[in-house]
Structures are given as C-alpha cells and as structure tokens.
Amino acid sequence: MRLKPSRRQLLGLLPERLVLVRGPREPGALYLTFDDGPHPEHTPRLLDLLARHAARASFFLVGQRVERHPALVERIVAEGHALGNHSYSHPMFHRLGLRQQLEEVERTDRLLADFDGVGRYRFRPPRGSVSPSLLLAFARRGRGIAYWSYDSLDYQSRPPEELAARLARRPPADGDIVLMHDDSGCSAQILERMLPAWRATGRQLKALPAVRA
Ligand SMILES: [Zn+2]
C-alpha cells in the first residue's frame with residue numbers, strides 16, 4: 001500500500017477547472033494525449049494510425065517545434081484533434097521564476113492560436129512539474145492545467161510490446177487521460193496493438209473537451 005500520496009493524487013483534489021486529471025467519465029471514453037511534438041517523422045505516422053481507427057486525441061505541443069513544423073500543426077487541427085500547450089522550449093520549470101514560466105506558456109498560446117483560433121489552451125507542464133506559485137497564477141487567471149491519470153511509460157525505453165501488454169493487463173478506466181509522447185515511435189507501436197483491441201471493445205478515443213471561456 002502506498003502511504004505517501006502521489007503528485008497526481010494531490011492535484012486530483014483541486015477543482016477540475018484548475019487541474020484536469022481525468023476527462024469526462026462517459027462510458028468507454030479514453031483521452032489519449034501526446035506530449036513533446038510535433039515531430040517530422042513520428043507525428044505523421046501517429047496521425048495516419050489515429051485516422052485509420054477514427055481516433056481523436058490531444059497534442060500538447062512545444063512552441064519551438066510548432067515554429068519548425070507548422071504544416072504538421074495544420075494537419076493535427078484539420079484531422080479533428082485538440083491542441084494543448086507544453087511550453088515554448090520545454091525547460092525545467094522548477095528552475096525558472098514565475099514570470100519566465102508564464103512567458104513560456106503565453107508565448108506558446110499565441111503560436112497555437114494562429115492554427116485553430118482558440119487562443120486559450122490547457123497547459124501540461126514539462127515533466128509534470130507544477131509549483132504552488134504557478135497553480136496560484138493559473139487560478140487567478142482562470143486557466144487550466146492538464147495532468148494525466150494513466151502513464152503509458154512510453155518514454156522509458158522499454159519494448160513497445162511490453163508496454164502494450166501492460167495496458168492490456170491494467171486497462172485504463174473510463175475517462176482516463178493517457179500520457180504518451182510523439183517525439184519517438186514508441187507510442188505508435190503501442191497503439192498499433194491497442195487501437196484495434198480498444199475499438200473491438202467499444203472504446204471511444206476522444207480529444208479533451210475545449211476549455212470553457
Ligand atoms: Zn514533455
């Protein structure tokens with residue numbers, strides 16, 4: 001038994017408007033999220049795979065990479081996925097002052113708005129690092145953080161078949177937000193196995209709902 005609560009459990013105590021840890025718990029709903037893109041090789045492959053299975057997802061993009069690969073962001077939006085903010089340069093947030101943290105977030109908001117016109121995005125902090133001062137600043141601004149409730153571990157250099165087997169053995173629950181990454185091919189290799197299985201059992205792969213103004 002774990003006695004010390006995890007960061008995710010603590011963040012889950014906050015209002016959903018401030019920190020979203022799980023999505024709407026509609027029957028069968030699953031919210032795939034991809035961090036660290038767009039990537040010129042791995043993101044197109046992933047988009048092809050999602051399209052083949054009529055799956056929608058949310059992409060938490062790094063501003064610098066958005067500037068480098070705008071056509072990929074256009075494609076993400078055109079294919080019905082949602083954009084999220086994963087900072088401008090993916091720094092270690094705990095080493096930055098609050099003002100620099102907010103600049104990282106706001107600069108990326110402006111970049112993303114050019115693609116879908118939304119202008120306000122949930123923020124997923126690099127490495128999940130959330131300071132109390134950032135939470136307070138977000139609360140004051142009416143902004144939201146998107147955390148996750150299921151970690152695919154696709155960044156751990158473990159074989160994709162092992163990670164897919166883990167997902168099958170311990171399946172996500174309805175409404176779970178699944179953490180994945182599209183800066184490597186691992187997530188696509190996991191999903192090549194899991195998407196057919198999930199669809200066969202009536203799972204709905206969805207983008208996170210838009211932020212309310
Ligand atoms: Zn990241």
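No lab work stands behind these numbers, since they all come straight from the coordinates. Predicted, not measured: the structure shown is a model, and the values here were computed from it. Here Cβ is always computed from backbone atoms with ideal geometry, including for glycine, and neighbour counts include all displayed protein chains.
Calculate, in whole percent, how much of the Cα-Cα pair population of the chain lies beyond 25 Å.
Everything past 25 Å amounts to 35 percent.
Fewest first, what order do Leu112, Leu49 take by the number of other Cβ atoms within 10 Å? All intermediate terms of the calculation are to be shown ahead of the outcome.
Values: Leu112 23, Leu49 16.
So the ranking, lowest neighbour count to highest, is Leu49, Leu112.
Taking the convex hull of the Cα atoms, report for region 109-213 its projected area averaged over all directions, in nm².
8.2 nm²
Can you pull the one-decimal nm distance between simple spin-label points at Ser131 and Thr201, each 7 Å off the Cα toward Cβ?
Placing both labels 7 Å along Cα→Cβ, they lie 4.1 nm apart.
Under 11 Å from the Cβ of Tyr147, count the other residues' Cβ atoms, weight Lys and Arg +1, Asp and Glu -1, and hand me the total. Don't jump to the answer; show the numbers that get you there.
Working: positive: Arg7, Arg8, Arg22, Arg122, Arg124; negative: Glu16, Asp151.
Taking every Cβ under 11 Å from that of Tyr147, the sum is +3.
Along the charge dipole of the chain, which of Ala197, Phe34, Leu208 sits closest to the positive end, that is, farthest toward it, with unit charges on the beta carbon of Lys, Arg, Asp and Glu (+1, +1, -1, -1)?
Farthest towards the positive pole: Leu208.
Using R₀ = 22 Å, calculate the FRET efficiency as 1/(1 + (r/R₀)^6) where r is the Cβ-Cβ separation of Ala168 and Gln9; round to 0.05.
Working from the Cβ atoms, E equals 0.35.
Please name whichever of Leu135, Phe115, Leu167 sits farthest to the positive end of the charge dipole of the chain, dipole taken about the Cα centre and charges placed at Cβ: Lys and Arg +1, Asp and Glu -1.
Highest projection toward the positive end goes to Leu135.
Could you work out the Rg to Rh ratio of region 11-54, with Rh taken as the Kirkwood radius (inverse of the mean 1/r over all Cα pairs)?
Values: Rg = 14.3 Å, Rh = 13.0 Å.
Rg/Rh: 1.10.
Based on a Kirkwood Rh over C-alpha pairs, give the Stokes-Einstein translational diffusion coefficient of region 53-158 at 4 °C and viscosity 1.567 mPa s in µm²/s.
Estimated diffusion coefficient is 89 µm²/s.
Label points 7 Å out from Cα along the Cβ direction at Leu18 and Arg107: separation in nm?
So the label points at Leu18 and Arg107 sit 2.7 nm apart.
Positive end of the dipole of region 7-205, charges at C-beta (+1 Lys, Arg; -1 Asp, Glu), about the Cα centre: which of Ser152, Ile177, Leu14 has its Cα farthest in that direction?
Leu14
What does the charge dipole of region 7-205 about its Cα centre add up to, to the nearest 20 debye, if the Cβ of each Lys and Arg holds +1 and the Cβ of each Asp and Glu holds -1?
On the way: 29 positive and 24 negative charges, 137 e Å.
I would put it at about 660 debye.
Contact order normalised by length for region 7-205, with contacts defined as Cα pairs under 8 Å and 6 or more residues apart; what percent is it?
The value is 34 percent.
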